[in-house]
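Notes to accompany the following structure.
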Amino acid sequence: MSTTHTRLRHGIDLVYVPKFADLLARQPELTARLFTDAERAYCDRLPNPVPHYAARFAAKEAALKALGLGISPTGVDPKLKDIEVVRRGTAPHLTLHGKPAEHAQRLGVADSTVSLTHDGDHALASVIMVTKEAS
Amino acid sequence: MANSLVTRERIDQEVRAALATTLRIDANGIGMEQSIINDLGATSIDFLDINFRLEQVFGIRLASQLLLDHVEEELGEGTAIDRDNKITAGAAALLREQFPEAESIKAGIYADEVPAVVTPGSIATAVEKIIAHLPDACPACSAASWKSDDSTKVACGGCGKDAEYPDGDELTKRWIHDMQREKQLFANA
Ligand SMILES: [Zn+2]
């Protein structure tokens, strides 16, 4: 007989929007290196895309924290683009590709949820993952 | 060939300058052995900025992937980080080669503790390792003389074209395989 243990993993990240805006302005190629086509299509349709990009960047960092991988000290870590925020109706969802997906599988992540918010100069994301392991 | 046109002192100076600009702190107050995350308070956005500034200054491309990710890509999934998010003995040994000062690195520490070992000194070493790969002769015109007006960017003394270096990710991959051949840090890889 086996039981299943459920654990929660949580990560949050806060981004100062003017700093992020400055970075995108000085490194125009950064948007394509950090964000998927779908993320860019979504943000670029909005009248003021930058806070939405900032919130998505926060979500990527929050997901790395939830996965126990911490922040990226390497510049444009390709793992960031492999963590994607997709919209389903009005709610954002997290889709993992590549290494983050492999890593989530290794940890037994069964489900995840992401929440985004921004107000004025700050964008914030919170990511919760549920792991299930048989024991 | 070693790159004698760009000194370590100059690299240290540029790393300090990049950190000071990005983090809005005094360059003279930055110690080369301080943790950029724990002591200087950098976030991942700051690293996007710092690395970009250094890449512009020296005409290089720093590694964009973490050493742990490179190890897993080159030697197999699970070779660097285990199911509990702890680093393996092989990964710890390799990290100690890359960050000799980082005494906190041991097998069994959590993977998210590793980024804190990055210091101004370790970034300067990463820059130094890349520019040490200046080719003997210019690939464009075969001239074997290099010059630098500002002691950061190097150009060909013949045709004036900027020197091109292998990027940091490529060098890291080569280094992992060299270390594995030499020291067999990863038993089952
Ligand atoms: Zn030349």
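The values are calculated or read from the model by the stated rules, or taken from the named source; none is laboratory data. These numbers were taken from a predicted model, which means no experiment stands behind them. With ideal geometry, Cβ positions are generated from the backbone for all residues, glycine too; neighbour counts draw on all protein chains shown. For the accessible areas, the whole protein counts, side chains as well, though only heavy atoms, and no ligand, DNA or RNA atoms are used. Shrake-Rupley method; radii C 1.70, N 1.55, O 1.52, S 1.80 Å.
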- Gaussian network model of chain A, Cα springs within a sub-10 Å range: biggest mean-square fluctuation belongs to which of A:Pro73, A:Pro51, A:Pro100? A:Pro73
- Query: Taking chain B as a Gaussian network, Cα atoms linked when under 10 Å apart, which of B:Ala144, B:Ala163, B:Ala132 shows the biggest mean-square fluctuation?
  - Reply: B:Ala144
- Message: With a cap of 16 neighbouring Cβ atoms within 10 Å, and only residues DSSP puts in a loop, list the trypsin sites (Lys or Arg not before Pro) found in the range B:54-117.
- Response: B:Arg83, B:Lys106
- Task: Per residue of A:15-22, count partner chain C-beta atoms within 10 Å of its C-beta, then hand back the mean as an integer.
- Result: 2
- Span from the the range A:1-42 Cα centroid across to the the range B:119-189 one, whole angstrom: 31
- Note on the structure: Within 10 Å of the Cβ of an average residue in B:35-47, the count of other chain Cβ atoms is 4
- Query: Simple spin-label model, 7 Å along Cα-to-Cβ: B:Glu113 to B:Asp167 in nm?
  - Reply: 3.2
- Item | Averaged over B:57-64, number of beta-carbon atoms from partner chains that fall within 10 Å | 2
- Message: Which one, B:Ala187, A:Ser72, A:Gly108, is farthest towards the positive end of the dipole of the protein assembly as shown when Lys and Arg carry +1 and Asp and Glu -1 on their Cβ?
- Response: A:Gly108
- Charge dipole (debye, nearest 20) of the range B:74-189; +1 at Cβ of Lys and Arg, -1 at Cβ of Asp and Glu: 220
- Out of B:Ala93, B:Thr43, B:Pro135, whose Cα points farthest toward the positive end of the dipole of the protein assembly as shown (charges: +1 Lys, Arg; -1 Asp, Glu; placed on Cβ)? B:Thr43
- Rounded to the nearest 100 Å², what's the accessible area chains B and A bury against each other, both chains counted, probe 1.4 Å? 2700
- Modelled FRET efficiency - R0 51 Å, A:Thr31 with B:Ala187, Cβ distances, 0.05 increments: 0.75
- Theoretical ellipticity at 222 nm over chain A - DSSP helices of four or more residues, -39500 (n - 2.57) apiece, nearest 500: -11500 deg cm²/dmol
- Message: Set the bar at 21 Å for Cα to Cα. Now go through A:Lys60/A:Lys99; A:Lys99/B:Lys129; A:Lys79/B:Lys173; A:Lys65/B:Lys86 and name every pair that lies beyond it.
- Response: A:Lys99/B:Lys129
- Please get the size of the charge dipole for the protein assembly as shown, origin at its Cα centre, with Cβ charges of +1 on Lys and Arg and -1 on Asp and Glu, quoted in debye to the nearest 20. 580
- Item | Orientation-averaged projected area, Cα convex hull of chain A (nm²) | 8.6
